[in-house]
1. If you bin the C-alpha pair distances of the stretch 100-215 every 5 Å from 0, what whole percents do you get?
2. Where in the stretch 69-177 are there GluC sites (Glu not before Pro) that are in a DSSP coil and have at most 14 other Cβ atoms within 10 angstrom of their Cβ?
3. Would you mind counting up the charge near Phe156? Only other residues with Cβ under 12 Å from its Cβ, with Lys and Arg at +1 and Asp and Glu at -1.
4. Counting only other residues whose beta carbon sits under 10 Å from that of His70, what net charge do I get with K and R as +1, D and E as -1?
5. Modelling each spin label as a point 7 Å along the Cα-to-Cβ direction, I'd like the Asp208/Asp136 distance in nm, to one decimal.
6. Can you say what percent of the DSSP beta bridges in the chain, counting only those with both residues inside, are antiparallel? Round to 5.
7. Give the residue list of GluC sites (Glu not before Pro) in the stretch 1-74 that are DSSP loop and have at most 14 other beta-carbon atoms within 10 angstrom.
8. List the residues whose amide H sits under 5 Å from the amide H of Met27, counting only those 5 or more places along or on another chain, with H placed 1.01 Å from N in the peptide plane.
Amino acid sequence: MTLTSDISLVRGADGEVTLLIDGVQAMQGWEAELMWRSADLLCAGGGDFLEVGLGLGFSALRIAGHPETHRHTVIEKHAEVIDLFRAEHPAAPDNLDIVHADFFDHLDRLPEAAYDGVFFDPELPRELFEDRARLDEFMPRLVRALRPGGRFVPMFSLDGAVPDAATCTTTPAAMLDRYLRFFDRVEVLRHPYRAYAGTEYTPADTGDAFILCFARA
């Protein structure tokens, strides 16, 4: 699938880092601690992991670098994002495998019961993110790729999430409504955040973020 997106990495005078996709803030450097904690929660038991969406690679490096991780596979649809990551991290871990593909096209290639955890944080247009019919189509197939006891961690959520942001953030209650019916239990962790002054996808510069970890029986 050929994609023609405008991808750029912008660095501010104060060390701020922003990944832009078609002019939209897709990810920023202040998210690193949230990505690391999400990754630690996902791969605490070790094994094989799958990530959808590479971004700045914070979670990918954390998961691959966990001493009990056997292999970590990342699916990223933008070749330019992969190129930026490899330029920034030329000595990435050997157990990190980055696949250039659209997740929705690649879904049927996922082997059954192959992963101990999935980190799901792709850059999606708002209308696609909120498409419940699409969600009900792909989530059962994604869950089948998990082993018994497997974990699923989506993007972190924010109280007071901006409802009309171009990159949609959402509340913990909305994330529970989206995903809980596909799993048997969920763990919720609260983590404070401090965004950049120019961040467009948070309700405030500081506040509480919530990491949700869903699990199969």
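Where a number appears in this text, it was derived from the coordinates with a stated rule and is not lab data. Note that the structure is a prediction, hence the values are computed from the model and not measured. As a convention, Cβ positions derive from the backbone with ideal geometry for all residues, glycine included, and neighbour counts pool all protein chains shown.
1. That works out to 2, 10, 19, 23, 19, 14, 8, 3, 0, in percent per bin.
2. Glu112, Glu130
3. Net of charged neighbours comes to -3.
4. -2
5. Inter-label distance under the simple model: 3.3 nm.
6. Antiparallel bridges: around 55 percent, rounded to the nearest 5.
7. Passing both the DSSP loop test and the Cβ count: Glu68.
8. It is Leu19, by chain and number.
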